[in-house]
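Each reported figure results from applying straightforward, stated rules to the coordinates on display, with no laboratory input. All values reported here derive from a predicted model rather than from experimental measurement. Here Cβ is always computed from backbone atoms with ideal geometry, including for glycine, and neighbour counts include all displayed protein chains.
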Amino acid sequence: MDEIILIMVTVFFIGALAIILILYFLQNKKNKELKKVIENLEIEKNMIDSVPISPELSKLEKLNKNEKLTLLYKDWSERLDSIKNIQIPKITDMLLEADHSLAKMDYRTTMYRIAKLEMEIYKVRTNSEFLLNEIKEITDSEDRNRTLMTALKSRYRELYQKFNEIQNEFADFKVPVMHQFENISKRFENFEVIMDKHEYTEVKALVKAIEEMLKHIAVVIDELPSIILLANNVLPNKIKEIEEIYSYMVKHGYPLDYLNVEYNIEEANKKISDVLERAEVLNLEDSLLELKVLNEYFDSLYTEFEKEKNARDEYEEGFKNFSKKIGKTVKLVYDIFNQLDKIKELYDLKEEDTAILFQIKDDIDSLDKDFKVLKDHTGNMAFAYTKIVKEMESLNQRLATAEENLDNYLDTIGSMKDDESRAKQQLEEVRQILKDSRFKLRTYNLPVIPRSYFVELKEANEALKEIVNELSKKPINIDVLNTRVDTGRDLALKLCSKTQNMLKIAKLAETAIVYGNRYRSKSDSLNDSLLQAEELFYNGDYSKSLNVTINAINKVEPGIYNKLTKLYEE
């Protein structure tokens, strides 16, 4: 028991020692991390303290300072003194306080003071950098601006040389451009005066002004010749030509009010005058763009004029063609209506057929009315030909549809007449078929004609009478007539086929009996079969008679059917 207690106590002390050691190491690690942060902040403070503000400020002492530069020097000295004697010592004190808190292991306070310290260092560093940049703006001004001015002078010479090479293209605007070059040259002279007086605070604005003036004169050299050419030559010539074409077309009956040509020419002349006035003071803002837009507009007028000319030619040709078509179609429709009662007497027209005809008439009347309205509009020049042509196209499409409907209706009437003629022709064909069938039947004197044959003959004759009856009716119902004709023709053809088949079988049966007579004396059974076949033949059962004869003879002479068929055909 004592051993167990001893083991437990030992384990407890070992665990406690391990916890203490872990806490010690964690605390030591945290102390090192925070100590490192404080050391880094101290390095940053030293870097701020080493910013070369004083050497740059001392450069100003060697310059001849004007009143404004003197005030700046005083302000910068005071700000530098504040950084050196107030702000940086304050950072030093804050570093000591943070280090003291860390030594007391007051981590919460330490971290709070580090955060404030970081903010203070950032503020002071920003002040130092901003102050240094302000001072260097003056101390480096001469070298930097002289280098920049050298490049600007080079650019000036390039532009001036370019201007001299093409100055004839500037016409009356040569003088304002030369004045602008003189103004830029004076700015270069002002730069030298400012630099001699060490008025460095004025240099930046002057350099920027020279840059803007060079950019402007570059635009003037690039665009002003094109502006002068468009405003003084190209556009006036186009406007004059447009006015001539416009006057000619209006005089010859072209409705061009929709183009607003006169108003737009007036506005274009105002715009050209405005551009030239602004060009005198070298104000070219959007001038070239505005003139190009005007140029494109007048170019588009040539296209519009050409469209009107083509549209007029197309309209006049279409007017003639449509006038002929609509007149012909109207006459045809009214001719049909004049004959409608006669057509109704001849044929049993359906209500839908009559309704279609009335609809066609309404469509044609509407077309004729719209065409007359279009003709009136053309006469009073109310619409442009480009628009009238589209209306003419629409009328042509409607007329084509009406003509197609009318053609279909005429095809229907023509089809009825054709059906009537075909029915009369087929009536004669049916009669001839029946006549031929009877003639063939009389030609071969059969002992007996089957009753079924007379039944079919009667049906065919009745169908023939039905065709005659339908043709004699007024008006004729074409659908019923076609049905009667089809029925009569089918029955006649069926009877004709039956006649031919019956005659063929009868002839074969008779031929077979005659052929089998040569074997009567040789076989009693064959003789009995032939007697049976003869009896069937005289009773009108020709098909069975043929079968009995063939079966009997085939026993003594195989293949007799093919031989008899060949003999029959010969």
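Would you please put 385-393, 513-521, 448-456 in order of how densely packed they are, using the mean number of other Cβ atoms within 10 angstrom per residue and starting with the highest? Walk me through the intermediate numbers first.
Working: 385-393: 18.1, 513-521: 15.2, 448-456: 12.7.
Answer by packing, highest mean first, reads 385-393, 513-521, 448-456.
Shown in residue order for region 428-444 are the 3J(HN,Hα) couplings computed by the Karplus curve 6.51 cos²θ - 1.76 cosθ + 1.60 at θ = phi - 60°: 5, 5, 4, 4, 5, 4, 5, 5, 5, 4, 5, 4, 4, 5, 6, 4, 9 Hz (x for Gly and Pro). Placing dummy labels 7 Å off each Cα toward the beta-carbon, the span from TYR258 to SER226 is 3.4 nm. Its residue count N fixes a reference of 2.2 N^0.38 Å for region 517-559, and the Cα radius of gyration divided by that reference is 1.08. Here the spin labels are modelled as points 7 Å beyond Cα on the Cα-Cβ line, and at LYS68 and LYS458 they lie 13.8 nm apart.
Phi angles of region 307-314 translate, via the Karplus equation with coefficients 6.51, -1.76, 1.60 and θ = phi - 60°, into HN-Hα couplings of 4, 5, 4, 5, 5, 5, 4, 5 Hz per residue; Gly and Pro are given as x.
Counted residue by residue at 0.36 nm each, then reduced by the alpha carbon distance between them, the extension gain from TYR112 to ALA171 reaches 13.6 nm.
With the highest mean first, a sort of the peptides 267-274, 436-443, 530-537 on other beta-carbon atoms found within 10 angstrom per residue produces 530-537, 267-274, 436-443. Amide hydrogen proximity for TYR444: with H placed 1.01 Å from N in the peptide plane, no residue at 5 or more positions away or on another chain lies under 5 Å.
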